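Q: Sharing a structure below in structure tokens format, with a few things to ask.
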Amino acid sequence: MRRTMYKPEYSIVWQKQNCLMDLDFTDDIAILAQEENVYQEMTTKLKEQSAQVGLNISREKTKAMGITQRSSPQPIAVAQGNIEYVERFTYLGSVISSDGDVEADINTRLAKAAAVFPRLDNVWRSSKHSLKVKLDLYTFLIVSTAIYASETWKSTARVCQQLNVFHQRNLRKILGITWKDNVTNMEVLSRTGQRRLQDIVAERRLRMAGHIIKMPVTWTTSQSRHVMDPSW
């Protein structure tokens, strides 16, 4: 990557004096540029340097996404074909959208957790397991899946409602309560010793913000706090 990303234009401007050229995690690479016309050159250089160490770029697994891009973006060729342009894609388990919104990621997370919940129906309905055991399983398996990477989510009334509705529906299922029982949401939380899911997410966001503030000011992650969502 050091041999590939050597030109100033191979980057996006960050905090006026700094630049971000690429984001790397094992064999997942995201290359960044301010101008659309340099993407092809960056991709070609990366392909050439990768080939020297026996690595190849998979065109099928590679996607391109532009922020405020033209309706007909410039094609990027690799491996005898063009890379597909997408409105959103999954990177390191999170859904990234071209408009910068996180609702697609939130919906995906809740859908994954909702798909796991019914698989444990035998546990939720069982009289052999205590409520504590059921709630521990729910927290470790369902909640952790639902709010993965929630530290970066925005906080809006709609998002909070989505989280709380998902949480309440599951807790009522575990308690064996239906709408006919006329049990309030607060009573459900009281019986299970749980908090609203929006409060759990808010705590995680604040905890991460605290870690970022403690970082050296020269770190890119620390500098990012100045351009975060005001809801931080």
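Derivation of every value follows stated rules applied to the coordinates shown; laboratory data play no part. Quantities reported herein were computed from a predicted structural model and do not represent experimental measurements. So basically every Cβ, Gly included, is an ideal-geometry build from the backbone, and we count neighbours across all protein chains shown.
Q: Report, in degrees rounded to the nearest 10, the 0 to 90 angle that the Cα long axis of helix 39-51 makes with the longest principal axis of the chain.
A: 90 degrees
Q: Something else now. Could you run the Debye sum over the Cα atoms of the chain, one equal point scatterer each and no solvent, and tell me log10 of I(q)/I(0) at q = 0.09, 0.10 Å⁻¹, two decimals?
A: Result of the Debye calculation: -0.54, -0.64.
Q: Next up: Please report the Cα spread of region 103-227 along all three principal axes, rounded to whole Å, starting with the longest.
A: Taking max minus min along each principal axis of the Cα atoms, region 103-227 gives 55, 27, 26 Å.
Q: Between 217, 165, 188, find the one with the highest GNM mean-square fluctuation for the chain; connect C-alpha pairs within less than 10 Å.
A: Between 217, 165, 188, it is 217 that shows the largest mean-square fluctuation.
Q: Also: Hey, got the dipole for the chain? About the Cα centre, +1 on K and R Cβ, -1 on D and E Cβ, debye to the nearest 20?
A: Here the size comes out at about 1080 debye.
Q: Can you compute the charge dipole magnitude of region 28-149 about its Cα centre, using +1 on each Lys and Arg Cβ and -1 on each Asp and Glu Cβ, nothing else charged? Give it in debye, rounded to the nearest 20. Intermediate values should be presented prior to the final figure.
A: Details: 14 positive and 14 negative charges, 162 e Å.
Using Cβ point charges on Lys, Arg, Asp and Glu, region 28-149 gives about 780 debye.
Q: Using the alpha-carbon atoms, what tilt in degrees (0 to 90, nearest 10) does helix 157-175 show relative to the longest principal axis of the chain?
A: Between helix and principal axis, roughly 40 degrees.
Q: Write down the Å³ per residue value for the convex hull defined by the alpha carbon atoms of region 58-136. Show your work: numbers first, answer last.
A: Details: hull volume 10.1 nm³, N = 79.
Once divided by residue count, the hull of region 58-136 is 128 Å³.
Q: Cross-link candidates for residue 214: which lysines have Cα within less than 27 Å, leaving aside residues fewer than 8 places away along the same chain?
A: Within the straight-line cut-off, residue 214 pairs with 16, 154.
Q: Over region 1-83, with a single point scatterer placed on each C-alpha, what log10 of the ratio I(q)/I(0) does the Debye formula yield at q = 0.14, 0.23, 0.27 1/Å?
A: -0.48, -1.29, -1.63
Q: Apply the Karplus curve 6.51 cos²θ - 1.76 cosθ + 1.60, θ = phi - 60°, to the phi angles in region 90-101 and return the couplings in whole Hz, x for Gly and Pro.
A: Couplings: 9, 10, 6, x, 10, 8, 9, 10, 5, 8, x, 7 Hz.
Q: Charges only on Cβ, +1 for Lys and Arg, -1 for Asp and Glu: so what's the dipole of region 103-227 about the Cα centre, in debye to the nearest 20?
A: Numbers: 21 positive and 9 negative charges, 39 e Å.
With Lys and Arg at +1 and Asp and Glu at -1, about 180 debye.
Q: Charges on Cβ only, +1 for Lys and Arg, -1 for Asp and Glu, centred on the Cα centroid of region 103-227; of 108, 141, 152, which one is farthest towards the dipole's positive end?
A: Value: 141.
Q: Could you tell me which trypsin sites (Lys or Arg not before Pro) in region 20-106 are loop residues by DSSP with no more than 16 other beta carbons within 10 angstrom of their beta carbon? Before the final figure, lay out each step's value.
A: Numbers: sites: 45, 47, 59, 61, 63, 70, 88; in loops: 59, 61, 70.
Counting only loop positions with at most 16 other Cβ atoms within 10 Å, the trypsin sites (Lys or Arg not before Pro) in region 20-106 are 59, 61, 70.
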